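Chemist: I'd like to ask you about the structure that follows.
The values are calculated or read from the model by the stated rules, or taken from the named source; none is laboratory data. Just so it is clear, the model here is predicted, and its values are computed rather than measured. A quick note on method: Cβ atoms are made from the backbone with ideal geometry, for glycine too, and the neighbour counts reach across all protein chains shown. Ligands, DNA and RNA are excluded from the accessible area calculation, which covers all protein heavy atoms including side chains. Shrake-Rupley method; radii C 1.70, N 1.55, O 1.52, S 1.80 Å.
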Amino acid sequence: MNAPQRQLSDPVRYVKGVGPAREVLLGRLGITSAEDLLFYFPRRYEDRRNVTPLASLRAGEPASALARVVALERRRTARKNLSIVTALLTDGKAMAKAVWFNRPGIERLLQSGVLVALYGRVEVRGGAVQFTNPEYEVLDEAEENAPAIVPVYPTTAGLAQKPLRRVIRTALDEFLPLLDDHLPDDIARRLALPELRRSVTELHFPTGREEWRTARRRLAFDEFFLLQTGLAMRRHRAGAAAATAPSLKRGALVDAYLERYLPFTLTGDQKKVTEEIFADMAGTIPMNRLLQGDVGSGKTVVAVLALLAALDGGHQGAFLAPTEILAKQHYDRIQPVFEALGVPCVLLVGSLPQKEKRAVHEGLESGAVSVAIGTHALLSEEVSFARLGLAIVDEQHRFGVLQKRAFRSKGESPHVLVMTATPIPRTLTLTVFGDLSVSVLSELPPGRKEVRTTALSPKKLPSLLAFLKERMEAGERVFWICPLIEESETMDLAAATARYEDLAKTFPAFGVGLLHGRMVAAEKDRVMGEFQSGHLSLLVSTSVVEVGVDVPQATVMVVEDATRFGLSQLHQLRGRVGRGDRESHCVLLASPTTPEARERVKAFCSTSSGFLIAEADLKLRGPGEVCGVRQSGITDFRVADLIRDRELLDIARREGFALVERDPDLASEPLLRARLFASLGRSLSLVETA
Ligand code: ADP
Ligand code: MG
């Protein structure tokens, strides 16, 4: 009888040493196939060739040590009901203690005489060095004689390091030979990347620091390279499959706007970016471009110019915004200019009465109306355009993939421009948005004053209130953002309402208003309008004003409980002030309790660059949070790190895109192709073509 053919995709229970119970535990770690085990990499390593002698342990640093248990004691404290296990240890030259709190069963393992590897923080207590709650592992005598660099895996209750390590070792023996190297030879050679199997083994069981480093580089490169090759393929296919887009050339409307209606001169960046967009729109491959710019960098003017170019080209344009407040603001600004230029322009939002909505629908369908500015209402099935040539999405992170797709489908391959609210770190631009063309506005319009940002303990509230009074007496306006309590909109609202009532009592001489997510659109508009006109001097709000409203007289932004917000979100809030010519302030009311929170607040106060803040946010909160939405699977790297490996990402992008340029369907690289489809086919929506 033939032995059954092994495959990498075999269920993990086919690996020797994995029974039903372990299969369940491994499942909890996300490991279901033999291949998953091969790519389940350590969290850290213990270099047991080079452990710290007990005599050299220093307080404050984490250390690893090898020692034998001399004696063990277990106590229970009456007061806090803690169970404390203390082990007395020796390495033959010195003694040390290890203490564990509430670890039932530990005494059974640590009997006197056994050899243990320890890793953890060292403290000095009563003159003696001690490990407090260290990680530990009981070693065989054989391991003492063959010290090695030992992997430590992330694991789950019930699965100890030692059996997990053994299972992975077995999987490497049995299944690694099946793993063929998919990396094109010329690339591996050029970049001096080691072979795949070798690299996987080395990452689990390193033979040395240098060897480990090159192996890690190889595997991190792999992840970036697969993604970039996939993105390149997606971009290539989209270009090849797309019907021809209308070639829209700028003309009389753009010229008239620039000459007669633009109230300022464009910044250098605005000019450059507009040219990039015009060049795309003049071609017949549908534009798919991301416009990034810091808050206040002037993305709207660029959008207006693009809309006018679409009209010059004889097509319609649509501008999608995430909220009614914002759509209305865009409309109020744009409509008068368009009217002067003789361009029929409408606002389409959910709160519009049925009858008016129907009139708008008819105008767009017949082509009598040239431009629609609106919210999700634009995506409704009832909306169709006679000849939509350009679709613009403002604050694109507030819309899902499907919504963007629905918008695009309102025309026959229209050009598409998506805009961000704040900048995105370059590494994310290259991954999450890796198949879009990118334009960046990094320059702010001239004359902007930097917003002075300070963190204030809530205890200092009285002095803040005095300051606000002064500003309002000088005719300035104040935003006050209330804490965002994620679990409960009702609690958000309660907190905001209480704050509003407080402040209204504190400032009887000034108009104080409240804005929150539960209000109907018309009410929001009314309150916002009163703040814009100066009828209200202080606006208390939940974070719905986060989106780009523009009130030049607003000079103070107070953010309550600021540590609850992400840095990019705070930056977006701060961007609501500093839009006029007066000195502006952003005050974070916060009492950060952890060192990390203090660090975050400090970082935020000390920079005004959205790009730097986005980088910091990426470091602190990870890629999913920075873009506002979790991106399905694309940035879940096992080895690669978007911060640490950024040059590797550039190289991988170059190589991936060059390869697809030469060989769009990867016909010459079947292994790479198979691996790519297996790992990213779904998240990139790449489908096999026969
Ligand atoms: P964002 O990029 O945040 O959407 P906006 O488009 O709302 O920024 O522009 C912010 C403010 O800057 C607006 O009041 C706008 O009129 C003004 N602005 C834009 N471009 C310029 C420029 N080149 N010179 C002066 N002011 C400008
Ligand atoms: Mg904007």
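Chemist: Please pick out the residue among Ala614, Ala603, Ala658 that is modelled with pLDDT of 85 or more, open to solvent by 10 Å² or more (accessible area, probe 1.4 Å), assigned to a helix (DSSP H, G or I) and within 22 Å of Ser543 (Cβ to Cβ).
Modeler: Ala603
Chemist: Do you know which of the residues in segment 261-279 that are touching a residue at least 60 places away in the same chain (Cβ under 8 Å) and within 12 Å of Leu417 (Cα to Cα) is nearest to ligand 1 (Cβ to nearest atom)?
Modeler: If we take residues in segment 261-279 being touching a residue at least 60 places away in the same chain (Cβ under 8 Å) and within 12 Å of Leu417 (Cα to Cα), then Val273 is nearest to ligand 1 (Cβ to nearest atom).
Chemist: Pick out, from segment 40-95, the strands (runs of 3 or more DSSP E) lying fully within it that include 1 or more residues that are surrounded by fewer than 17 Cβ atoms within 10 Å (Cβ to Cβ) and of a type in the set (Asp, Glu).
Modeler: 44-47, 62-76
Chemist: Further, regarding this structure: Which one is farthest from ligand 2 (Cβ to nearest atom) among residues in segment 390-414 that are assigned to a loop (DSSP other than H, G, I, E, B) and within 24 Å of the chain's Cα centre (by Cα)? Before you say what the answer is, go through the steps one by one.
Modeler: In the first step, residues of segment 390-414 are kept if they are assigned to a loop (DSSP other than H, G, I, E, B); the result is 394-395, 399-400, 409-414.
Those still in the list that are within 24 Å of the chain's Cα centre (by Cα) too: 394-395, 399-400.
Values: Asp394: 6, Glu395: 7, Phe399: 14, Gly400: 19 Å.
Among those residues, the one meeting the criterion is Gly400.
Chemist: Moving on to the next point. Given Gly113, Gly158, which one is touching a residue at least 12 places away in the same chain (Cβ under 8 Å), at positive phi and open to solvent by less than 50 Å² (accessible area, probe 1.4 Å)?
Modeler: Working: Gly158 fails: open to solvent by less than 50 Å² (accessible area, probe 1.4 Å).
Going through Gly113, Gly158 in turn, just one is touching a residue at least 12 places away in the same chain (Cβ under 8 Å), at positive phi and open to solvent by less than 50 Å² (accessible area, probe 1.4 Å): Gly113.
Chemist: Can I ask one more? Looking at (1) among the small types (Gly, Ala, Ser); (2) open to solvent by 70 Å² or more (accessible area, probe 1.4 Å); (3) not in a loop (DSSP other than H, G, I, E, B), which one does Ser9 not meet, given that it meets all the others?
Modeler: Status for Ser9: all satisfied but (3).
Chemist: Suppose we filter Glu486, Glu470, Glu530 for residues that are among the acidic types (Asp, Glu) and at pLDDT 95 or above; which single one remains? Steps first, answer last, please.
Modeler: Working: Glu486 fails: at pLDDT 95 or above; Glu530 fails: at pLDDT 95 or above.
Of the residues listed, the single one that is among the acidic types (Asp, Glu) and at pLDDT 95 or above is Glu470.
Chemist: Against the conditions (1) in contact (Cβ under 8 Å) with a residue 24 or more places away in the chain; (2) more than 16 Å from ligand 2 (Cβ to nearest atom); (3) surrounded by fewer than 23 Cβ atoms within 10 Å (Cβ to Cβ), where does Pro336 fall short? Just the number, please.
Modeler: Going through (1) in contact (Cβ under 8 Å) with a residue 24 or more places away in the chain; (2) more than 16 Å from ligand 2 (Cβ to nearest atom); (3) surrounded by fewer than 23 Cβ atoms within 10 Å (Cβ to Cβ) one by one, Pro336 breaks only (1).
Chemist: Right, another one. What's the number of the only condition in (1) of a type in the set (Gly, Ala, Ser); (2) within 15 Å of ligand 1 (Cβ to nearest atom); (3) more than 20 Å from Pro446 (Cα to Cα); (4) surrounded by fewer than 21 Cβ atoms within 10 Å (Cβ to Cβ) that Gly566 fails to meet?
Modeler: Gly566 satisfies all of (1) of a type in the set (Gly, Ala, Ser); (2) within 15 Å of ligand 1 (Cβ to nearest atom); (3) more than 20 Å from Pro446 (Cα to Cα); (4) surrounded by fewer than 21 Cβ atoms within 10 Å (Cβ to Cβ) except (2).
Chemist: Find the helices (runs of 4 or more DSSP H) located wholly in segment 237-329 whose residues include 3 or more that are more than 13 Å from ligand 2 (Cβ to nearest atom) and open to solvent by 10 Å² or more (accessible area, probe 1.4 Å), and list them.
Modeler: The qualifying helices (runs of 4 or more DSSP H) are 252-256, 268-282.
Chemist: In this structure, is Gly511 at pLDDT below 85 and not charged (D, E, K, R)?
Modeler: It is false that Gly511 is at pLDDT below 85 and not charged (D, E, K, R).
Chemist: Report, by residue number, each residue of segment 169-216 that is in contact (Cβ under 8 Å) with a residue 60 or more places away in the chain, part of a helix (DSSP H, G or I) and of a type in the set (Asp, Glu).
Modeler: Across segment 169-216, the qualifying residue is only Glu174.
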